[in-house]
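Visitor: There's a structure below that I have some questions on.
The values are calculated or read from the model by the stated rules, or taken from the named source; none is laboratory data. Small disclaimer: the values here were computed from a predicted structure and weren't measured. When we count neighbours, we look across all protein chains shown, and the Cβ atoms used for this are built from the backbone with ideal geometry, even at glycine.
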Amino acid sequence: MDKILFGSIYFFILIGLSLVVFKEKRIQEIIIKNKYKILAFILINVVLITLISYFHLSKESFIPSWDFGGFYRRALEFTDKLDFSLQDAAKSLYESINIDEYNYVAEWYLYLPMKILGNSYLRFIICMINVFLIPSNTLLYILYLKISDEFKNKWLDIIVGLFIIFFSANMYPLIHGYIGSSGLFYIVFILFFVFLGKFNKVNIPFSILTGILLLILLVTRRWYAYWIVGFFVATVVATLAIKDNWKNFKNIIINCFVSGSVALSLLLIFFFPLVQTITTYNYSEAYSVMKVTGIFEIIINFIKVYGVVNVVLMGLGIFASVKFKYLRSFVIFLVTQIVVSIVLFNQVQRFGSHHYYIINTMCLLLIIIGILFITELLSKKIRLFIITPIIVLLVINSLQTTVLSNKKFEPLFTVTNWMYGRMYPVVRITENKEGIIDLINYINANTKEFDYTYAIASSVEFNEDHLRNALLPNDLEGLHNLMTTRVYDLRDYLPNNFFYNRYVIVTDPVQLQFDESQQRVISVLGDFMLNYPDIDKYYRLIKEIKINNGFNVKLFERIDNVPNSVRQEISDILKSYYPNEPKMYEFEMLPE
C-alpha cells in the first residue's frame, strides 16, 4: 500500500492544484456555467488522441534508442525499483535529481498508470498522453473559457478545443517518446493565475506555492530553468510596460521575491549538488555540436514546428492586445516569456522538438487569442469561409500516419505539415531487428563476467541503444557488459580503455549523428577497426549483419592485445584534432 501511495503522489498534486483553481470564485462560475463543454472536451480529447495515437504506435516495430528510448527504459527501471523496495526507489529518485542528467521524476509520475495499463512502449506513450497532456489541455481549455467569457459564439469553443487537442508541437515529441510534457500542467497552472492577476496583490501563501511549483518544474526537467528565468523577467516587463500596472509593481516584486526565495532556498537545502552542476558545468561547450547557426535557423525551425497557420495566429494574438485592453498585459507577458526562453536556450544549443515544451503553452495561448481576434474582427460569413477549411485541414493533419497513410496523400500532408507542423513522426521500423537480437544473444552466450563490448556507431539507424534496449520490456540489460559509447567529443571525451574490450561492434560505413568534425572519436576508432592494415592480428571478424542497403554491422573479437605503438598511432591522430585536450587522445597503455 505504501508503494501505491508513493507512486500516486503526482495525482495528489494534480488534485490539490485543481482544487486551488476551483477555489477561485471567478473560476467556479466559469466551470459551473460550462461544465458540459468541459466534460465534452475531456471526453473528445481522451478518445480522439488516444485512438489516433494507438493506431499510429501499433504500426511501429522498432528498438527505442537515444533520449526517447532512454525515458522508456528509465520508466521500466524505476517501476522495478519501486516494486522491489520503496526505500531504495526513493533514494534512487533523490540521488538521480542531484546527480543524473536525466532523473527519475517524470518516470515516477508514470508508476501507477504503467502498473495499471502495462509496460509496453505503446502503453508507455498512452500513459503520458493521459497523465501529462490531457490534464494540462483541460486546464488550458478552462483558462480559454475564462479569457473568452465576454464572447458569445458557440462555435468558438469547438474551434479552440480542436486547436488545443490537435496542437502538433505538444503531440510530436510525446509520440516520439520524450517525457518533457511532464511539466506542462505546472506551467498552465502558473499562467492561469498570471492571467487572473494573482500577483497584483501581496499573497504570501500563493507566492510560496508558486515557488514550490517552480522547484518541482526544475527537477522534473532541468531545461525548464529557462522557463523559470523567463517567468520572472516577463512578470516584471509586463508590469512596467502597462502604466495601469505600475501601482502594483511593489506587490508584484514582493510576490516574486517570495516565490524566488522559496524555490532557491529549497533548491540549496535539498538539491545542492544539482545547483553545483547547473552553475559550474559548461553546457555550452558540451552541447556545442548542437548549437544554432543564427537567427535565421531559429525562425525557420520555429515555423516548421508550429506551422504557418499557427504562427500567423500567434501574430494576430499579439496584435489583438491593441484591441483587447484586458489582455494587453497578459500578451506582453507571454511574448516576453517566449523571447527570453528562446534567447537563453539557444545560447547553449538548438531546440529539439521536445525542448519546445518550454514555450508551447505560451504559443498556444497566443494562438487562442488570435482566434478570438479573428472572431471579433470578421463577419460571420467571412469567418465561416476562412475558418472551416482551416479546421478541416487541422483534423486531417492528425491522420497522416493512420487513416490517410497512403502515399497518394503525401502532397496533401506536405501542405498541412507546413500549415500546422507535423503531428505524428514517421512510423518507425528497425531494419533487421531479428539480426540485431541474434547478435546480442551470441555475445551474451559467450561473454564472461569481465568481458566488455564497445559499439562504434551513432545514428538513428544504429547506435548503442539498439543493443541495450532490443529486449525491452522483458530484459532491461539487453547486451551484457555494454560500455557507453562516447558520442560527442567535447562532452564525452575518449574511451581511454577502449583496447581492453573483448568485443567491438562497428558499422560499415561508420554511422554518425552529426558532422565528422564533432565526432572524431567515433570516426577515428571506426576507421581503425575497418581499415587498419594489420587489424587481423588483433581482432577477428565473427559476425556481420546487414541493417539496410546503406550499411552493415560487424562484430569483432579481440584475439591479442593491441601494442602500445599502435595505440600511440591512434592517439596521435586524435591529438592532431584536440592538441590541448589530453582527455581526447590519451589511451591506457600496456605495462612495459
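Visitor: Could you grab the pairs with beta carbons closer than 6 Å, sequence gap of 6+ or different chains, first residue in the stretch 398-420 and within 17 Å of THR50 (Cα to Cα), second one surrounded by fewer than 16 Cβ atoms within 10 Å (Cβ to Cβ)?
Guide: Listed by first residue and then by second, the contacts come to THR402/PHE55.
Visitor: Could you name every one of the helices (runs of 4 or more DSSP H) located completely within the stretch 62-175 that has at least 3 residues being in contact (Cβ under 8 Å) with a residue 12 or more places away in the chain and buried (at least 21 other Cβ atoms within 10 Å of the Cβ)?
Guide: 66-84, 105-109, 111-117, 121-128, 134-147, 154-165
Visitor: Here's something else I'd like to know. From the set of residues in the stretch 399-423 that are at pLDDT below 90 and not in a helix (DSSP H, G or I), which is surrounded by the fewest Cβ atoms within 10 Å (Cβ to Cβ)?
Guide: Among residues in the stretch 399-423 that are at pLDDT below 90 and not in a helix (DSSP H, G or I), the one surrounded by the fewest Cβ atoms within 10 Å (Cβ to Cβ) is ASN406.
Visitor: Separate question: Could you list all residues from the stretch 472-507 that are of a type in the set (D, E, K, R), at pLDDT 90 or above and farther than 19 Å from ILE570 by Cα?
Guide: ASP475
Visitor: Has the stretch 204-225 got any residue that is among the aromatic types (Phe, Trp, Tyr) and within 30 Å of PHE351 (Cα to Cα)?
Guide: Yes, the stretch 204-225 contains a residue that is among the aromatic types (Phe, Trp, Tyr) and within 30 Å of PHE351 (Cα to Cα).
Visitor: For the stretch 260-316, give me the residue count where each residue is at pLDDT 95 or above, on the phi < 0 side of the Ramachandran plot and of a type in the set (Gly, Ala, Ser).
Guide: Summing the residues that are at pLDDT 95 or above, on the phi < 0 side of the Ramachandran plot and of a type in the set (Gly, Ala, Ser) in the stretch 260-316 gives 5.
Visitor: Can you pull out the residues in the stretch 474-492 that are farther than 14 Å from VAL521 by Cβ and surrounded by fewer than 19 Cβ atoms within 10 Å (Cβ to Cβ)?
Guide: ASN474, ASP475, LEU476, GLU477, HIS480, ASN481
Visitor: Could you check, for the stretch 340-361, whether at least one of its residues is among the polar types (S, T, N, Q), under 17 Å from THR235 (Cα atoms) and in contact (Cβ under 8 Å) with a residue 24 or more places away in the chain?
Guide: Yes; the residues of the stretch 340-361 include at least one that is among the polar types (S, T, N, Q), under 17 Å from THR235 (Cα atoms) and in contact (Cβ under 8 Å) with a residue 24 or more places away in the chain.
Visitor: Does the stretch 456-471 hold any residues that are touching a Pro at 6+ places or on another chain (Cβ under 8 Å) and polar (S, T, N, Q), and which are they?
Guide: ASN469 - this is the single residue of the stretch 456-471 that is touching a Pro at 6+ places or on another chain (Cβ under 8 Å) and polar (S, T, N, Q).
Conditions tested, residue by residue: (1) under 26 Å from ALA445 (Cβ atoms); (2) outside any strand (DSSP E or B); (3) hydroxyl-bearing (Ser, Thr, Tyr).
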{"site": "VAL504", "(1), (2), (3)": "yes, no, no"}
{"site": "PHE514", "(1), (2), (3)": "no, yes, no"}
{"site": "SER517", "(1), (2), (3)": "no, yes, yes"}
{"site": "PHE556", "(1), (2), (3)": "yes, no, no"}
{"site": "SER565", "(1), (2), (3)": "no, yes, yes"}
{"site": "SER571", "(1), (2), (3)": "no, yes, yes"}
